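S.K.: Let me begin by handing over the structure; questions about it come next.
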Amino acid sequence: MERWAGRVALVTGASAGIGAAISKTLVQCGMKVVGCARRVEMIQALADECNKEAGGSGSGGRLIAYKCDMESEEELNEMFQWIHDNKTLGKVDCCIANAGMSTASTLLDGTYRDWQKMMNINVLGLNLCVQQGVKSMLAHGTDDGQVVLINSMSGHRVPPSPDTRFYAATKYAVTALLEAWRQELRAHPSKNNIRVSSISPGFVETEFVPAMYPDDPDKVSGIYNSMPCLQASDIADSVRYVMSAPAHVQVHDILMRPTQQGS
């Protein structure tokens with residue numbers, strides 16, 4: 001990871017869970033990390049912790065909190081403009097598209113607004129971040145850049161739970177975008193080494209499931225107590241692995257699930 005020290009990463013959905021763990025890991029690797037989410041105060045608290053640790057270790061890494069709603073095209077574009085205008089940042093070398101959400105409803109019971117919100121955040125917001133990140137890399141002649149899509153096992157099979165079937169459809173879209181971006185970058189005349197990768201976890205013990213079932217704590221504890229789930233740090237370790245590969249190696253998609261997860 002030495003070649004990433006001093007370079008700029010963007011991590012979406014950085015306020016908690018997987019995004020927070022990835023942000024912390026990249027700061028420890030000496031990167032300047034822009035962590036964005038709506039709950040910017042949570043990222044700022046993490047930044048205070050990370051930056052103090054980085055200062056003590058001498059890594060040179062730093063976490064910068066930025067408030068951004070992944071549903072807003074305007075806010076996403078403004079964030080990238082802010083990064084480009086910031087003299088200590090100026091560009092994006094690594095884009096980690098992590099933000100995602102799901103409601104708990106069957107296809108028969110789901111609402112148009114729920115589907116729209118999932119599409120806006122899980123697909124459209126993700127793709128706009130990737131587009132702007134890649135444009136930044138190309139505009140600055142970045143030869144060794146990295147995009148990581150935080151996908152899901154639900155992007156590879158429709159899960160048996162009836163509550164997440166539309167969510168699975170959005171994640172299938174992410175799987176398609178992974179290969180689509182790979183092909184587009186390989187066809188680009190710059191012949192760059194910008195790599196696009198995906199990490200597809202199964203059950204991870206984060207705020208994701210509690211947010212789906214805010215009024216049913218028994219269901220949440222039932223899921224998380226049914227097996228030793230993946231931890232956010234496990235996903236962050238996989239991001240580190242992807243980024244540690246040499247520039248001529250693209251790790252395409254990592255599928256990972258708890259050992260005890262049945263499907």
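S.K.: Between a first residue in the stretch 200-229 that is farther than 23 Å from residue 122 by Cβ and buried (at least 19 other Cβ atoms within 10 Å of the Cβ) and a second residue that is at pLDDT 95 or above and not charged (D, E, K, R), which pairs have beta carbons less than 8 Å apart while being 6 or more apart in sequence or on different chains?
M.R.: none
S.K.: Can you list residue pairs whose Cβ atoms sit under 9 Å apart, with the first residue in the stretch 167-183 being under 17 Å from residue 148 (Cβ atoms) and free of Cβ contacts under 8 Å to residues at least 40 places away in the same chain and the second being crowded, with 18+ Cβ neighbours inside 10 Å and among the small types (Gly, Ala, Ser)? Count only pairs 6 or more apart in sequence or on different chains.
M.R.: Matching pairs, first to second residue: 176/155.
Yes or no, residue by residue, for (1) among the acidic types (Asp, Glu); (2) out of contact with any helix residue (DSSP H, G or I) (no Cβ under 6 Å at 6 or more places or on another chain); (3) farther than 22 Å from residue 247 by Cβ:
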| residue | (1), (2), (3) |
| --- | --- |
| 133 | no, yes, no |
| 137 | no, yes, no |
| 141 | no, yes, no |
| 157 | no, yes, yes |
| 165 | no, yes, yes |
| 172 | no, no, yes |
| 176 | no, yes, yes |
| 179 | yes, yes, no |
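S.K.: Taking only the stretch 1-41 into account, find how many residues are free of Cβ contacts under 8 Å to residues at least 60 places away in the same chain, in a helix (DSSP H, G or I) and closer than 17 Å to residue 121 by Cβ.
M.R.: 1
For (1) buried (at least 24 other Cβ atoms within 10 Å of the Cβ); (2) among the aliphatic types (A, V, I, L, M); (3) touching a Gly at 6+ places or on another chain (Cβ under 6 Å), each residue gets a yes or a no:
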{"position": "26", "(1), (2), (3)": "yes, yes, no"}
{"position": "38", "(1), (2), (3)": "no, no, no"}
{"position": "43", "(1), (2), (3)": "yes, yes, yes"}
{"position": "47", "(1), (2), (3)": "no, yes, no"}
{"position": "69", "(1), (2), (3)": "no, no, no"}
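S.K.: I would also like to ask the following. Could you figure out which of (1) in a loop (DSSP other than H, G, I, E, B); (2) within 19 Å of residue 256 (Cα to Cα); (3) β-branched (Val, Ile, Thr) isn't true of residue 148?
M.R.: (1)
S.K.: Here's something else I'd like to know. I need a count of the residues in the stretch 155-176 that are surrounded by fewer than 19 Cβ atoms within 10 Å (Cβ to Cβ) and in contact with a strand residue (DSSP E or B) (Cβ under 8 Å, 6 or more places away or on another chain).
M.R.: 2
S.K.: Just need a number here: residues in the stretch 228-261 that are closer than 20 Å to residue 174 by Cα and in contact with a Phe, Trp or Tyr (Cβ under 9 Å, 6 or more places away or on another chain).
M.R.: Selection size over the stretch 228-261: 4.
The values are calculated or read from the model by the stated rules, or taken from the named source; none is laboratory data. Because the structure is a prediction, the values reported are computed rather than measured. Reconstructed Cβ throughout: ideal geometry from the backbone, glycine too, with neighbour counts over all protein chains shown.
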